[in-house]
Amino acid sequence: MTETTTQAGHNTNQRSLIIATAGHVDHGKSSLVNKITGTNTDTLREEKERGLSINLGYAYYNLPATENDVTSGYVIGFVDVPGHADFINNMLAGVGTVDYALLVIAADDGIMPQTREHLSILDLLGISKGVIALTKTDKCNAQQITEVSGEITELLSSTCLKKAPIFPVSSLTGEGLDTLLEFLQNTLRETKSDEALQQNHNPRFLIDRSFSVKGIGTVVTGSLRSGKLHVGDSMLHSGTQQKTKIRGLRLGTANIRDALAGQRAAANIGIDQNSITRGDWLLAPEQYVPVQRFDAKIRFISPDFKLRSSAQYHLYIGAAHHIVSIRCLNVEPEKFFQVASHQPFIAYHGDKFIIRDPSSQLTLGGGKVIDIFVPRRKRNSDERLNLLRAQNNPHSQALIELINMSPMGVPLEQFSLNRNLTKIALDKIIKQLRASESFFVELQQNNQQLPSLLKLDFYLRYKEFIVAQIDIYHHNHSSKQGISEANLSKTVDFSGSHLLFHAILKKLILDEVLRKTGTLLHLPSHEIELSKDEKEFLAKIRPLLIQAGTIPPRTRELADITGISLKTLERILKEITVSGSLIKVAENRHFLPETIMELAELTEQLTEDNLNQEGFSVIQFRDASHIGRNLCIEILEYFDRIGFTRRDGNTRYVRTEKKNIFSR
């Protein structure tokens with residue numbers, strides 16, 4: 001499974017159909033798979049001695065074929081699950097990784113308890129594609145086969161598998177096997193890869209077993225639940241949070257360069273095999289979002305079932321098992337539930353799961369993950385429930401509804417993480433929304449790569465109120481340049497996050513609705529009304545500060561130059577700093593706003609010129625500005641305080657563009 005052999009053995013048209021068996025114990029699942037593939041899936045000594053499956057088994061049937069002169073590697077993969085009630089955990093791990101079922105029912109026994117439970121599990125997981133194998137027909141006459149077939153049809157009628165065909169077969173005589181196999185082959189040939197799962201979602205590889213191969217290292221097998229996986233990709237192992245390269249991929253017996261969503265494959269990775277557990281994931285590193293709670297829709301088999309608040313239930317999701325508590329969030333008609341675990345796990349919107357009772361003896365129900373970002377407060381408020389109803393829709397429709405009902409905006413980063421969406425898929429959705437009608441604005445928040453979407457009506461309402469409050473402030477404080485963002489937030493009494501408020505202000509500044517001088521926000525039309533003393537002082541002091549440039553005189557030096565007493569000078573400086581005509585950088589140093597802007601520009605340029613992109617030091621700033629070290633420290637500490645730069649040890653980084661902090 002090296003990269004070299006993978007490329008050499010690559011098939012240009014590789015298709016696979018992964019099938020999980022299901023059915024009551026001793027109804028012939030393993031025998032049927034063995035007859036089709038030639039592989040005995042019972043590999044454990046105890047399985048062979050007892051004649052029943054305990055663990056998951058795996059087998060492959062390869063169909064060499066030629067289409068349009070292109071050699072194609074078609075593979076039918078079987079995940080053979082145990083039928084005995086004692087090993088239902090393993091059965092759930094097997095069916096949780098596939099999208100096609102082979103339900104096996106013995107003609108001599110007919111429908112049995114595990115038949116019903118396995119069928120319920122398939123139905124709860126939404127596995128609607130499948131086929132029924134009516135086995136052991138050699139032990140029955142035609143009338144019995146017809147009667148059991150009728151019972152099966154009736155049983156399936158209210159499930160996802162109601163359209164599944166029934167094939168009478170005998171693993172002993174081989175009767176009917178060719179017909180069943182031909183049907184599976186045709187199903188595989190007609191199966192088209194899910195382009196949406198490949199293009200719209202990041203790769204998620206669900207691990208169900210691992211082993212070590214001499215000369216190769218750790219190999220994991222499992223199902224690629226979404227996206228595309230390529231040899232050379234860097235993935236993150238959820239169990240250890242280690243990153244690893246995909247060294248090689250195999251589909252059946254063929255080495256391949258890439259695997260597609262829905263395929264079962266083996267991957268060679270660089271992680272210790274002893275650190276890997278069934279149910280772990282290989283994920284795109286940026287998609288690693290472990291959760292301990294999620295909100296979901298759950299359907300219980302019995303309509304009369306009632307949750308116990310103190311009970312611990314068994315959750316089966318993917319190929320993993322967790323102990324959880326479940327809380328109903330609302331009453332009829334559309335119920336939502338919150339699932340909470342003591343241990344973190346991986347889940348995304350749309351993932352299916354099964355719930356079993358506290359003793360893990362009965363399957364109670366199953367459901368679908370709706371949202372993995374559970375709020376800390378008001379988890380069952382009307383507002384939250386409406387958001388969950390909106391989330392329970394396809395991507396575009398969900399986003400439209402969320403925008404329309406969210407006065408605090410929709411963070412695209414959270415939306416895309418919840419649904420494991422690729423950037424390409426998200427861009428496509430946003431493009432469609434823009435084309436339909438421009439009913440939202442995009443707000444860039446400092447801590448997020450993706451913007452938040454805020455309904456235009458909400459934005460205009462905030463804009464109108466913010467402008468009105470600043471206008472009132474100007475009227476009451478005509479001698480001041482403007483109001484700080486913190487004080488404006490208190491005045492407006494904005495109920496959302498400060499990050500969203502800051503993003504709204506940034507857009508208002510960008511649209512020239514507001515201006516920012518230093519750290520003060522004001523209307524573009526606002527002019528400061530200075531007192532007589534302040535005007536006279538500025539007329540005297542401004543030329544001195546312009547001449548001094550980036551090294552203004554200290555306060556005591558200004559007193560000596562102007563002849564103004566130190567006490568009076570400090571009072572005037574305090575008043576004129578409040579107006580925004582001067583900026584106080586340190587206790588004894590004041591700058592003109594335009595000089596601070598020049599230093600901010602120099603800081604940005606210094607960062608751009610640093611090819612290592614590792615920030616800059618005080619010494620580098622000193623050498624670039626030709627300012628003394630002590631004054632450099634005072635300037636940079638001022639930049640830190642107002643949020644323009646960030647200090648980390650002896651290095652500083654620019655946190656945001658200067659236009660977001662300063663304005664001429």
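The values are calculated or read from the model by the stated rules, or taken from the named source; none is laboratory data. Remember, it's a predicted structure, so these values are computed and weren't measured experimentally. Cβ atoms come from the backbone with ideal geometry, glycine included; neighbour counts cover every protein chain shown. Protein only, heavy atoms only, side chains kept; ligands, DNA and RNA dropped before computing areas. Shrake-Rupley method; radii C 1.70, N 1.55, O 1.52, S 1.80 Å.
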**Complete:** Under the rule rounded for a/c under 1.5, else prolate if a/b exceeds b/c, else oblate, using alpha carbon gyration tensor axes a ≥ b ≥ c, the range 278-431 is classed as oblate
**Message:** Please list, ordered by chain and number, the residues whose modelled amide H lies under 5 Å from the amide H of G239; skip anything fewer than 5 residues away on the same chain.
**Reply:** W281
**Message:** Amide H of R209 versus every other amide H placed in the peptide plane: which residues, excluding those fewer than 5 positions away on the same chain, fall under 5 Å?
**Reply:** T221
**Asked** Taking 0.36 nm per intervening residue step and subtracting the Cα-Cα distance, what contour gain separates R116 from E601 on full extension?
**Response** 167.4 nm
**Between helix 566-579 and the chain: long-axis angle, C-alpha atoms, 0 to 90°, nearest 10** = 40
**Request:** Taking P(r) over Cα pairs in 10 Å bins from 0, in percent as the quantity of interest, determine which of (1) 3, 13, 18, 19, 15, 11, 9, 6, 4, 2, 1, 0; (2) 3, 15, 24, 24, 17, 9, 4, 2, 1, 1, 0, 0; (3) 3, 14, 25, 28, 20, 8, 1, 0 was computed from the displayed structure.
**Result:** (1)
**Complete:** Scalar couplings 3J(HN,Hα) for the range 370-384 by Karplus 6.51 cos²θ - 1.76 cosθ + 1.60 (θ = phi - 60°), nearest whole Hz, x for Gly and Pro, are 9, 8, 9, 9, 8, x, 6, 10, 6, 5, 10, 6, 4, 4, 5
**Complete:** The relative contact order of the range 177-263, taking Cα pairs under 8 Å that sit 6 or more residues apart, comes to a percentage of 26
**Residue-normalised accessible area of the chain, given per residue in Å² at a 1.4 Å probe** = 47
**Item:** Percent accessible area from carbon and sulfur atoms, the range 112-227, protein chains only, probe 1.4 Å
**Value:** 50
**Message:** What percent of all Cα-Cα pairs in the range 213-309 falls into each 10 Å bin, going from 0 up to the bin containing the maximum distance?
**Reply:** 14, 41, 23, 14, 8, 1
**Fill in**
Taking Cα pairs closer than 8 Å and at least 6 residues apart, the relative contact order of the range 335-374 in percent is 38
**Request:** Before rounding to the nearest 500, sum -39500 (n - 2.57) across all DSSP H runs of length at least 4 in the chain and divide by the residue total; then give [θ] at 222 nm in deg cm²/dmol.
**Result:** -11000 deg cm²/dmol
**Complete:** The simple spin-label model distance between S525 and K335, using points 7 Å out along Cα→Cβ, in nm, is 5.9
**Item:** Listed residue pairs exceeding 23 Å between alpha carbons, taken from K228/K335; K506/K540; K506/K658; K507/K584; K378/K431
**Value:** K228/K335; K506/K540; K507/K584; K378/K431
**Asked** Using a ≥ b ≥ c from the Cα gyration tensor of the range 127-183 (square roots of the eigenvalues), is it rounded, prolate or oblate, where a/c under 1.5 gives rounded and otherwise the larger of a/b and b/c decides, a/b for prolate?
**Response** oblate
**Request:** Write down the Kirkwood hydrodynamic radius of the range 399-448, to one decimal in angstroms, obtained as one divided by the mean of 1/r over all alpha carbon pairs.
**Result:** 11.7
**Request:** On the full set of protein chains, 1.4 Å probe, figure out the accessible area of S234 and give it in Å² to the nearest 10.
**Result:** 50
**Asked** Does the range 434-473 come out rounded, prolate or oblate, given a ≥ b ≥ c as the square roots of the eigenvalues of its C-alpha gyration tensor, rounded meaning a/c under 1.5 and, failing that, prolate meaning a/b above b/c?
**Response** oblate
**Request:** Using a 1.4 angstrom probe on heavy atoms only, work out the carbon and sulfur share of the accessible area of the range 300-455 in %.
**Result:** 51
**Message:** Cβ neighbours within 10 Å, averaged per peptide: list 470-477, 365-372 in order, most packed at the top.
**Reply:** 365-372, 470-477
**Request:** Mind listing the long-range amide H neighbours of L450? Cut-off is under 5 Å, sequence gap 5 or more, other chains count too, H placed in the peptide plane at 1.01 Å from N.
**Result:** E413
**Prompt:** Using the alpha-carbon centroid of each, what span in Å lies between the range 605-661 and the range 553-591?
**Reply:** 25
**Prompt:** Using alpha-carbon pairs under 8 Å, 6+ residues apart, how would you state the relative contact order of the chain in percent?
**Reply:** 8
**Message:** Could you give each residue of the range 164-178 its phi-based ³J(HN,Hα) in whole Hz, using Karplus coefficients 6.51, -1.76, 1.60 with θ = phi - 60°, and x for Gly or Pro?
**Reply:** 5, x, 10, 10, x, 9, 9, 6, 6, 9, x, 4, x, 5, 4
**Item:** Segment A468-Y653, extension gain: residue separation times 0.36 nm, minus the distance between their alpha carbons
**Value:** 63.1 nm
**Request:** Starting from the residue with the highest accessible area, list R622, R461 in decreasing order, probe 1.4 Å.
**Result:** R461, R622
**Message:** Through the Karplus equation 6.51 cos²θ - 1.76 cosθ + 1.60, θ set to phi - 60°, convert the phi angles of the range 264-281 into ³J(HN,Hα) values in whole Hz; use x for Gly and Pro.
**Reply:** 9, 9, 10, 10, 8, 10, x, 10, 4, 4, 6, 8, 9, 10, 4, x, 5, 10
